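Single-structure report; data block below.
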Amino acid sequence: MRLAEIFERVVGPDAPIRFTAYDGSSAGAPDSDVALHVRTPVAVNYLAQSPNAVGLTRAYVSGHLDVEGDMYTVLRRMSDFVLAEGVNLSLGDLAAVVRSVGWVKFVNRVAPPPQEMRRGRLAGLGWRHSKSRDAEVIHHHYDVSNDFYELVLGPSMTYTCAVFDDEDGALDRVGRFDGALESAQFRKYELVSRKLGLERGMRLLDVGCGWGGMVMHAAREYGVKVLGVTLSKEQADWAAKRIAQEGLSELAEVRHMDYRDVPDASYDRISSIGLTEHVGARNLDAYFASLHAKLVPGGRLLNHCITRPRNDLKALDPKGVINRYVFPDGELEGPGVIQTAMNDAGFEIRHQENLREHYALTLRHWGANLERNWGEAVALVGEGTARVWRLYMAGCVLGFERDVVQLHQILGVRLDGTDAHMPLRPAF
């Protein structure tokens, strides 16, 4: 049985993509604008040993499987087709596939590509969400290369969900590189600032501050004195230089440190934008309690993070592609879990909203930036890592569009007695 026939047995004869293999066989729609190419027998090893998304990822990242055309389109069509038609392998079909592939493919283990954070390596770093292990997994993802992130994220250097209006959010703006993403990221920081009610002279703590986007926005636009903290030394170094270049050093500071090491102090406001995903479900209560302790009475916290669509879904899939290749130890909770943890830590919840569609648009823009700068990106980080990012961002667009994941902002207040110091109607 040739590989094209195996492909047809697994996904059916009418798959809306082209399929070709090193053995000369082909299947699928011959005139499709997207295609899968199995380049070498190693791809078959990966797929035989992990007949799922992990096997496909290993084959693609290592270059033994290629994709022709737009990655998002490939993933969407395969998802639509498999979900609609289902995989209907009988025991006889399965036995025929095994005979054709050869039992050696199933037992002759091939090492995953080096971009995969293997479970044994993670275990050697200590307990999940210990300070040392958190520092290493943050390094794995965020210290790829500041130059690489500039190519993907664009001038704002903001690696969190933007907020689009109807004009900037038009799909035909993706790939035009006309400032829609930068405008949307500015709008996101403005939304956070208005929810927090920033005013000149306030002190803001931004935990998990990335490259300092919120830190600089609050200092520049509102005259707020801001401390940002990040576990990535490369981020902290980049932010310090940019703060100096913008003449904001009297107001803005970014430190390379764990959020748990920030001393309790009198902060008027706290922003947590994209950090909760790295905290861990078991640590949420302690996390929000520590932030509550850092606020003055009447102070506000804005928590912005990726969430599950339901509270009863598993927070962590240690065997999944995202955990292995993108965010080791990353955990996503439902919005109700996060809101309950904030509430139980003493925050009064004042507002909550879901920006799911906005993150899908943000990822589309990042993906377009990567494709536009593909050659330079590969030169900076290598083709394997660039392939991880292409696959991850396209898959996440699909995930947000199809409500597999969401993005929630939740605003909480540390009451001053019974006074929230909030206007009767908010201005955001």
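Only residues that are of a type in the set (Asp, Glu), farther than 14 Å from Gly412 by Cβ and at pLDDT 90 or above were counted in region 303-350, giving 3.
Give me the residue from region 57-78 that is of a type in the set (Asp, Glu) and over 22 Å from the mean Cα position of the chain (by Cα) and, out of that set, nearest to Thr362 (Cα to Cα).
Glu68
Quick check on region 112-136: of everything there that is within 25 Å of Glu383 (Cα to Cα) and at pLDDT 75 or above, which residue is surrounded by the fewest Cβ atoms within 10 Å (Cβ to Cβ)? Among those residues, the one meeting the criterion is Pro114. Taking region 394-428, which residues are free of Cβ contacts under 8 Å to residues at least 60 places away in the same chain and either outside any loop (DSSP other than H, G, I, E, B) or surrounded by 19 or more Cβ atoms within 10 Å (Cβ to Cβ) (or both)? Correct list: Cys396, Gly399, Phe400, Glu401. Among residues of region 5-19 that are closer than 7 Å to Ala29 by Cα, those with a Cβ under 6 angstrom from a residue that is in a helix (DSSP H, G or I) and open to solvent by 40 Å² or more (accessible area, probe 1.4 Å), sequence gap 6+ or separate chain, pair up as Pro16/Arg77; Ile17/Arg77. Give me the residue from region 261-317 that is open to solvent by 30 Å² or more (accessible area, probe 1.4 Å) and polar (S, T, N, Q) and, out of that set, nearest to Gly197 (Cα to Cα). The extreme case among them is Ser266. When region 361-379 is filtered for residues that are open to solvent by 10 Å² or more (accessible area, probe 1.4 Å), in a helix (DSSP H, G or I) and not aromatic (Phe, Trp, Tyr), the ones remaining, listed by number, are Leu361, Arg364, His365, Gly367, Ala368, Asn369, Glu371, Arg372, Gly375, Glu376, Val378, Ala379.
Does region 380-389 include one or more residues that are outside any helix (DSSP H, G or I) and open to solvent by 20 Å² or more (accessible area, probe 1.4 Å)? Checked against the condition, which is being outside any helix (DSSP H, G or I) and open to solvent by 20 Å² or more (accessible area, probe 1.4 Å), region 380-389 yields at least one hit. If you go through region 43-78 and keep only what is in a loop (DSSP other than H, G, I, E, B) and at pLDDT below 95, you end up with Ser50, Pro51, Asn52.
Val144 fails exactly one of the following numbered conditions: (1) at pLDDT 95 or above; (2) farther than 30 Å from Arg425 by Cβ; (3) not in a helix (DSSP H, G or I). What is the number of that condition? Of everything listed in (1) at pLDDT 95 or above; (2) farther than 30 Å from Arg425 by Cβ; (3) not in a helix (DSSP H, G or I), Val144 misses just condition (1).
Screening Arg194 against (1) under 28 Å from Ser132 (Cβ atoms); (2) open to solvent by 50 Å² or more (accessible area, probe 1.4 Å) leaves a single unmet condition, (1).
Taking the criterion of being in a helix (DSSP H, G or I), farther than 13 Å from Glu277 by Cβ and in contact with a His (Cβ under 9 Å, 6 or more places away or on another chain), the residues of region 336-352 that qualify are Gln339, Met342. Within region 330-350, the residues that satisfy the criterion of being within 20 Å of Arg310 (Cβ to Cβ) and hydrophobic (A, V, I, L, M, F, W, C) are Leu332, Val337, Ile338, Ala341, Met342, Ile349.
So which of Arg356, Arg414, Arg364 ends up being in contact with a helix residue (DSSP H, G or I) (Cβ under 7 Å, 6 or more places away or on another chain) and farther than 28 Å from Asp166 by Cα? Walk me through it before giving the result.
On the way: Arg356 fails: farther than 28 Å from Asp166 by Cα; Arg364 fails: farther than 28 Å from Asp166 by Cα.
That would be Arg414, the only listed residue that is in contact with a helix residue (DSSP H, G or I) (Cβ under 7 Å, 6 or more places away or on another chain) and farther than 28 Å from Asp166 by Cα.
In the set (1) more than 24 Å from Asp317 (Cα to Cα); (2) surrounded by fewer than 22 Cβ atoms within 10 Å (Cβ to Cβ); (3) in contact with a Ser or Thr (Cβ under 9 Å, 6 or more places away or on another chain); (4) without any contact (Cβ under 8 Å) to a residue 24 or more places away in the chain, the condition left unmet by His37 is number (4).
Residues in region 79-101 include none that are open to solvent by 20 Å² or more (accessible area, probe 1.4 Å), under 25 Å from the mean Cα position of the chain (by Cα) and modelled with pLDDT of 90 or more.
The values are calculated or read from the model by the stated rules, or taken from the named source; none is laboratory data. Just so we're clear, the structure is a prediction, and the values are computed from it rather than from any experiment. All Cβ positions, even for glycine, are placed from backbone atoms using ideal geometry, and neighbour counts span all protein chains on display. Surface accessibility is based on the protein's heavy atoms, side chains included, excluding ligands, DNA and RNA. Shrake-Rupley method; radii C 1.70, N 1.55, O 1.52, S 1.80 Å.
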